[in-house]
Every structure is written in structure tokens, then in C-alpha cells.
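Novice: One structure follows; several queries about it will come next.
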Amino acid sequence: GAAVTLAGQGTRILLQLASVVVLARLLSPRDYGLMAVGLVVVGIGEVVRDLGLSTAAIRAPELTTRQRDGLFWVSTAAGLVLAAVVAAGAGVIADVFGQPELVPVTRALALTFVLNGLAAQYRAGLSRDLRFGAVAGADLAAQLAALVVAVASALAGAGYWALVAQQLTVGSVSLLAVVLLARWVPGRPRRGVGLMPFLRFGGGLTGTHIVYYVGNNLDTMALGLWAGPTALGIYSRGFQLLMTPLNQLRTPATTVAVPVLSRLQSDPVRFGDYLRSGQLALGIPIVTALALAAGAAGPVVEIFLGDRWAAVAPVLALLAVAGSAQTLSFVGFWVYLSRGLSGALLRYTMVTLALKAACIAVGAGFGVVGVATGYAAAALLEWPLSLWWLSRITEIPVRALLLGALRITACAAMAGGACFAVTQLTAAWPAPGQLAAGLAAGVAAYLVTTLVPAVRADVEVVLSWGRRMIGR
């Protein structure tokens, strides 16, 4: 399941990277800034739309046909209500941000609630049945169609509407694909089928997602309110170039890990081993890649976005630091979900929201780079806090996770430092040569760290997972 999911996500990330590279040359920072504000507003509703019922359905030990029917109608109704609320409030949103163009943009994006509400239980059913190839195929088809629509619209002079069309195409094609793949027709809703446990778990999880989403978008909202769409457009390019692909690796990892960990709850030893190995398999490649991206931020931005986006480079480097810390703490999220600890997760997320708000508020006075610094500082503080918090409420291999994360960080820091040093020494070179030299130095530095037996053992765990994926 992990092999199929990662292969699909890898292709999806390449498509999104192509979208970033092409559209950055066709659209302006202001276009991206307006779209970023619209997506933040719509994204809050998108978190609420599912009501946590997809995860509730995936992790449930048993799910009857009537329960699944009921969950479908609840998700669909929630999507319709949220679409109406957001469309009605589009004028207020535009007034708050001082951008009248947000009225039609927000109303158009509200349609995604309806599309995703309809698709939620179809996707949950595919994941519950471990049909990860079907989920990956649906996502890939949606991204490919959306890229074609967005580029064609931008070439036709549609401006920010090309980005709106991209989002609506993703939702429409994804819905069509999962419906065709699931081959399931929902029955009519009935009372007394036992939905309350799902709604209780989903309610706690929804609260967590709202708090987490607000915290994860405080940077965007701060820039949108105080710096304007152009500054926000610069920040959003760094975020999409780095954090969007990162999230699309972590999200399918959760899709695979939660069903597996849910089945291992009665076996603490295997549960702990899977968690420790999962952290290594997720952390070593991702954190190392982020360290190299931070070290080579200048040439990366020049190659992928072009000369006019040079201001994105320091933002990209700081977001790479934040993404590394978030990745190391992400396995804790699997534990909360697989063990049904939605209430504890909500309380923890509220604490991290306060921490992130404080850090971003301090950095907001220093512009785009200040906000990125605050975002990175909060992520670095949240990582040890997440491990301590989780260890207080459930059994996890704390020492193994802590030492594994420290080894991952130390090795990645050496690779990133070597990459940065060489890119600075070759600053007069063309960007592709500068990037190649920096990456070569970073990889060489990482290979040196594998001379340490503990690091070599960690790498062997990741390679073992890779061999098992290829073998199946």
C-alpha cells in the first residue's frame, strides 16, 4: 500500500511542480496572493466539511452498509451548507482583506465543498479496503486534468481565474474517479443505524483540524491582512514549491499508517516497531531532502520560478526548517488517530496554536521573512512538545523516537550545511551548475555520516522498506 501510494504521490508532486514552474511564468505575484487568501478562507470550511467522518469510517472496527450510507448523507449535507454559508459571506471576506476581487473568487471556490462532500465517503471506503492504488489513481487523474485546464486558462489571459479553474477541476475529476472506482450507490438515510460513535469521534477530530488549520495558516492570514497580495504571493510561492509537495507525502503516509496501526493496537511491541520504523522511513528521505533544499534555496528558486521571484529564496529555506520539524513529529498524529484520541489531540493542537500565533506575531513586524522565521521557530518548539505530550497519555517508544529523530536531524544538517557552503562558493556559476555542485556536496556529506553504525542501521531500515515495496 505504501509503495503504490508513494508512487502515485511522486507522480502527483511532479505534476504540481510542473504547474508551479509554468504558472509562475504566466501569472503575477498578485494573482497568487488573491488566490492564497481565497484558499485560506475556503480551506477553513473544507476542514469542517468532512466533520472527521472519513477518518472515523476508516478506523472503525466494523462499518455496516447503513452506517456508510448515513455517513455519506451527513458529509454531503455538510458540504452543501458550508458552500451556501461561504458564498453568502463572500462580501464580508472581501471587505476584511480589502480586495473586492475576492467576492467572485470565494463564491466559485465554495463549490469545492459540495464536490468534496460527495466524494468523502467514497475515498474513505477505498482507503478502508486498502485500495491505495485506486486512491492514488484518482488523485493523479485529477491533478493532470487540473494542470491542463490551468495552463490553458493562463495562456488565454484568465489571470487568477486560471488558479480557480485548477481547484474546481481537481474536485470535479476526483469525485468522478472515486465514484467510478468504488462502484457503490448510497442507500437512503435511516435513523437508528448507530452513527453517534462516528459523530462523536468526528466532532473531536474536526475541532482539532480547525485549530490546526488556523494555526497552519496564521502566516498567510497575517500577510494577507497587513502586507497585501503581492507580499503574500511571494510567500505562497515558497510555500507551494516546498510545503505543498511535503504535505502530499505526509498525507498518504497517514492514509497507509492509520489503518495498519489500528489493527496493531492489541500488539504493543509491533505497534512500537512500526511507529519507530515509520519515523525513519518518513524522516530520513524527507528531512534530508528539505535540508538540501534549504542549502540550495537560491539556485532552486531561480531555476523553478525565474529571476523575478528571487525574494522567495530565504522564505523557502526557513520553510524547509519548519517542514523538517513537522515531519519528525508527524508520527505522533498517527498514534492519536489510530487509538481514537481525538480529544487529547484537540487539546494539544490548541496549545500549539497559541505558540504559533505568538511566534508569527513577533515575526510579522519584519515582513515576509519575519513571518517565515516565526513559522519555523514555532515548528521547532512544537516537535519536542509533541513527543512529551503524547507520552503522557499513551504508550509509545519515546526513547527510540527521540534518538531516531536526533540522528535524522544531525545527518540532514551536515548535508544541508555542505550544500549551502558549496552553493555560496560557486555563486558566480549559472544556477543549474550551482545547484548540481551543492547537491553533490550535500550527498557526499550525508554518505560520510553513514560511517556511524547507528546511522547506517537507520538507513538500512529505510532500504529494507524500499525493497519490500518493490518486491510486492
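Novice: When V351 is evaluated against the numbered criteria (1) modelled with pLDDT under 85; (2) among the β-branched types (V, I, T); (3) surrounded by fewer than 21 Cβ atoms within 10 Å (Cβ to Cβ), which criterion, by number, is the only one it fails?
Specialist: Unmet for V351, out of (1) modelled with pLDDT under 85; (2) among the β-branched types (V, I, T); (3) surrounded by fewer than 21 Cβ atoms within 10 Å (Cβ to Cβ): (1).
Novice: Tell me the residue from A162, A119 that is more than 22 Å from S28 (Cα to Cα) and either open to solvent by less than 10 Å² (accessible area, probe 1.4 Å) or within 21 Å of the chain's Cα centre (by Cα) (or both), please.
Specialist: The conditions single out A119.
Novice: Kindly indicate whether L147 is surrounded by fewer than 21 Cβ atoms within 10 Å (Cβ to Cβ) and within 25 Å of G33 (Cα to Cα).
Specialist: Against the criterion (surrounded by fewer than 21 Cβ atoms within 10 Å (Cβ to Cβ) and within 25 Å of G33 (Cα to Cα)), L147 qualifies.
Novice: Now a separate question. When the residues of segment 27-85 are filtered to those that are under 23 Å from the mean Cα position of the chain (by Cα) and acidic (D, E), which remaining residue is modelled with the lowest pLDDT?
Specialist: E46
Novice: Okay, next question. Consider A150 carefully, then state whether it is assigned to a helix (DSSP H, G or I) and either without any contact (Cβ under 8 Å) to a residue 40 or more places away in the chain or over 21 Å from A177 (Cα atoms) (or both).
Specialist: Spelling it out, it is not the case that A150 is assigned to a helix (DSSP H, G or I) and either without any contact (Cβ under 8 Å) to a residue 40 or more places away in the chain or over 21 Å from A177 (Cα atoms) (or both).
Novice: Buried (at least 22 other Cβ atoms within 10 Å of the Cβ) and of a type in the set (G, A, S): is that true of S391 in this structure?
Specialist: no
Novice: Let me ask something else. Would you pick out the residues in segment 265-281 that are of a type in the set (S, T, N, Q) and assigned to a helix (DSSP H, G or I)?
Specialist: Answer for segment 265-281, where residues must be of a type in the set (S, T, N, Q) and assigned to a helix (DSSP H, G or I): S277, Q279.
Novice: A further question follows. Restricting attention to segment 86-98, does a residue exist that is open to solvent by 50 Å² or more (accessible area, probe 1.4 Å) and either within 21 Å of A253 (Cβ to Cβ) or within 25 Å of the chain's Cα centre (by Cα) (or both)?
Specialist: For segment 86-98, residues open to solvent by 50 Å² or more (accessible area, probe 1.4 Å) and either within 21 Å of A253 (Cβ to Cβ) or within 25 Å of the chain's Cα centre (by Cα) (or both): absent.
Novice: Mind checking which residues of segment 394-408 are of a type outside the set (A, V, I, L, M), surrounded by 16 or more Cβ atoms within 10 Å (Cβ to Cβ) and more than 19 Å from L341 (Cα to Cα)?
Specialist: Those that are of a type outside the set (A, V, I, L, M), surrounded by 16 or more Cβ atoms within 10 Å (Cβ to Cβ) and more than 19 Å from L341 (Cα to Cα): G404, R407.
The values are calculated or read from the model by the stated rules, or taken from the named source; none is laboratory data. Here the structure is a predicted model, which means the values were calculated and not measured. Ideal geometry is used to build each Cβ from the backbone, glycine not excepted, and the neighbour counts take in all protein chains shown. Surface accessibility is based on the protein's heavy atoms, side chains included, excluding ligands, DNA and RNA. Shrake-Rupley method; radii C 1.70, N 1.55, O 1.52, S 1.80 Å.
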